[in-house]
Amino acid sequence: MRVLITGGAGFIGSHTVDLLLEKGYEVRILDSLQPRVHPRGKPAWVPREAEFIQGDVASRADLGPAMQGVDYVIHLAAYQDYLPDFSTFIHTNTESTALLFELVVEAQLAGRPLPVRKMVFASSQSVCGEGLYECVEHGRLTPPARSLEQLERGDWEAHCPHCGCTMKSVLIPETVCSPGTTYGISKYAIELLADRLGRRYGIPTACMRYTYVQGTRNSFYNTYSGIARIFALRLLHGLPPVCYEDGLQLRDFINVKDVARANVLAMEDDRANFGVFNVGGKRPVTVVEFARIMLREFGSQADPLIPGDFRLGDTRHTISDVSRLEALGWQPSVPVEQNAREYVEWMRQQQTTDEFLKEAERIMRQQGVVRRAGEGVR
């Protein structure tokens, strides 16, 4: 069996490639090696056993040949950033998904059907927007995104849109859909395409909503690559970690190897057909708690900094209900502490400088993505 992994040189993709090879699959990788993620070209971790094609997943000329002779597709290639180039999110993430179906259906109509048995798509918890909360008076609801005015006041909590009281976060099931960013919208569109076109043309699909994925190979070059990258880069250069808002945001960090297992399980198990699955770590961890875990891994006695900065588009609390995936036999297996330890050990082996840290910070402040409460719009 041959599997096409788009974005297979990347973070989640490369670990999924490794697992598929271990299980005896033939693997073909299609990856554009986007310079903001891979400025030094194809990374050394891309295995020789996998066929590698450099190309754009949203290009018919690149994707068409890559689709030939594959039994499964795991579509992980995506554009992720905090830059306001909104059309790129839709073009790379959503149009590429439509193109996958287009190529399969065209081949069917031409009498030369592709052997694709199933397609698995990378979605995101960003589809859920601000998530799910409970108001004492009005029950469970999905609030709108916190406004810029609210964040500039340093008011971080989610409030009931009816009575204004502070609400309590609850586990987010797959039924919650309220994307508030272009990235989230692009991922929700993927889910809709996967379900509607998959059912119409008899192509089983599964969509995986990842939460806060951490682990080795998580690029430290681009601004989107996560909290472990930001904290580790600062600590490597003698700087304490900086927590946005008040540091009390709840997250369910998940190890990339657990994510790879979920991808392959969804591909192999017919019970996953046409399903959407949260892929999270189950254990709620505050951002400041994660900062202290990273500090311990570096042997640092410093305290996290909480200057009142915030990042537009961030959610307050995100803890996913993973019971749907658990029903297929999956469980997260890597605790947060081990997750951080693996990433720190890996990053110490990389050739990096503080230029990546400074550049990412500069760009996000310049674009107005990162701001400080009480200072107004920059």
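Brief remarks follow.
- Selection of segment 57-82 for residues being at pLDDT 95 or above and over 14 Å from THR97 (Cβ atoms) yields ALA61, ASP62, GLY64, PRO65, ALA66, GLN68, GLY69, VAL70, ASP71, TYR72.
- Which numbered condition TYR79 fails, given (1) surrounded by 20 or more Cβ atoms within 10 Å (Cβ to Cβ); (2) farther than 20 Å from LYS187 by Cα: (2)
- Residue-level check: of (1) within 24 Å of the chain's Cα centre (by Cα); (2) modelled with pLDDT of 95 or more; (3) not in a loop (DSSP other than H, G, I, E, B), ALA107 misses just (1).
- Pairs where the first residue, in segment 62-75, is on the phi > 0 side of the Ramachandran plot and of a type in the set (Ser, Thr, Tyr) and the second is assigned to a helix (DSSP H, G or I) and buried (at least 19 other Cβ atoms within 10 Å of the Cβ), C-beta under 7 Å, 6+ apart: none
- ASN93 satisfies every condition listed in (1) assigned to a strand (DSSP E or B); (2) buried (at least 20 other Cβ atoms within 10 Å of the Cβ) except (1).
- Residue in segment 249-263 that is more than 29 Å from VAL17 (Cα to Cα) and either at pLDDT 95 or above or assigned to a helix (DSSP H, G or I) (or both) present: yes
- Residue check, LEU328 in contact with a Lys or Arg (Cβ under 8 Å, 6 or more places away or on another chain), in a helix (DSSP H, G or I) and either surrounded by 16 or more Cβ atoms within 10 Å (Cβ to Cβ) or modelled with pLDDT of 75 or more (or both): no
- Number of residues in segment 153-177 that are acidic (Asp, Glu) and under 20 Å from VAL322 (Cβ atoms) equals 1.
- Complete set of residues in segment 123-143 that are part of a loop (DSSP other than H, G, I, E, B) and either loosely packed, with under 13 Cβ neighbours inside 10 Å or over 23 Å from the mean Cα position of the chain (by Cα) (or both): VAL136, GLU137, HIS138
- Residue among ALA58, ALA78, ALA50 that alone is under 22 Å from ALA194 (Cβ atoms), touching a strand residue (DSSP E or B) at 6+ places or on another chain (Cβ under 9 Å) and of a type outside the set (Lys, Arg): ALA78
- Conditions (1) at pLDDT 95 or above; (2) crowded, with 21+ Cβ neighbours inside 10 Å: number failed by VAL37: (1)
- Single unsatisfied condition, GLN80 versus (1) assigned to a helix (DSSP H, G or I); (2) polar (S, T, N, Q); (3) within 25 Å of ARG261 (Cβ to Cβ): (1)
- Scanning segment 191-226 for residues that are surrounded by 22 or more Cβ atoms within 10 Å (Cβ to Cβ), within 14 Å of the chain's Cα centre (by Cα) and closer than 21 Å to VAL322 by Cα yields CYS207, MET208, ARG209, TYR210, THR211, VAL213, GLN214, GLY215.
- Residue count for segment 227-246, restricted to those that are under 20 Å from the mean Cα position of the chain (by Cα), among the charged types (D, E, K, R) and in a loop (DSSP other than H, G, I, E, B): 0
- Only residues that are under 18 Å from GLY215 (Cα atoms) and part of a helix (DSSP H, G or I) were counted in segment 268-307, giving 11.
- Checked against (1) closer than 13 Å to ILE29 by Cα; (2) surrounded by 16 or more Cβ atoms within 10 Å (Cβ to Cβ), GLN68 passes all but condition (2).
- Counting residues in segment 334-344 that are modelled with pLDDT of 95 or more, touching an Asp or Glu at 6+ places or on another chain (Cβ under 8 Å) and closer than 23 Å to GLU130 by Cα gives zero.
- For LYS257, the conditions (1) within 30 Å of MET1 (Cβ to Cβ); (2) under 21 Å from the mean Cα position of the chain (by Cα); (3) surrounded by fewer than 17 Cβ atoms within 10 Å (Cβ to Cβ); (4) charged (D, E, K, R) are fulfilled apart from (3).
- The number of residues in segment 1-14 being surrounded by fewer than 24 Cβ atoms within 10 Å (Cβ to Cβ) and in a helix (DSSP H, G or I) comes to 1.
The values are calculated or read from the model by the stated rules, or taken from the named source; none is laboratory data. Because the structure is a prediction, the values reported are computed rather than measured. Positions of Cβ are backbone-derived with ideal geometry, glycine not excepted, and every protein chain shown enters the neighbour counts.
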